[in-house]
1. Could you please find all residues in the range 52-69 being among the hydrophobic types (A, V, I, L, M, F, W, C) and at pLDDT 90 or above?
2. Could you grab me the full set of residues in the range 26-61 that are out of contact with any strand residue (DSSP E or B) (no Cβ under 9 Å at 6 or more places or on another chain) and touching a residue at least 24 places away in the same chain (Cβ under 8 Å)?
3. Scan the range 1-58 for residues that are in a strand (DSSP E or B) and within 14 Å of the chain's Cα centre (by Cα) and report the count.
4. How about the range 22-34: which of its residues are over 19 Å from residue 69 (Cα atoms) and either modelled with pLDDT of 80 or more or surrounded by 13 or more Cβ atoms within 10 Å (Cβ to Cβ) (or both)?
Amino acid sequence: MALTKGLESDDVLEVLAKDIAGLGFLVETSKTSGHKIGRPVFYGENGNPSLRYEIDAYHPQWRCGLAAR
């Protein structure tokens, strides 16, 4: 069966979450604000973040973020 729209990012994350957490990633556990992972993308004056993205997973040692879109 072919998908007309494709997979939703939440569905993909649900399948992969346990495995990527096992690699050391912090994984978004829900869409509520306390469980989202925000990371700075651009820095402005005095090194303050001027743009942040909400991502699905982040590995603090590797400084690697993952986002399914």
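The values are calculated or read from the model by the stated rules, or taken from the named source; none is laboratory data. Keep in mind it's a predicted model, so treat the numbers as computed, not measured. Heads up, the Cβs are rebuilt from the backbone with ideal geometry, glycines too, and the neighbour counts pull from every protein chain shown.
1. 55, 57, 62, 64, 66
2. Residue satisfying the conditions is 61 alone.
3. So the answer is 13.
4. 22, 23, 24
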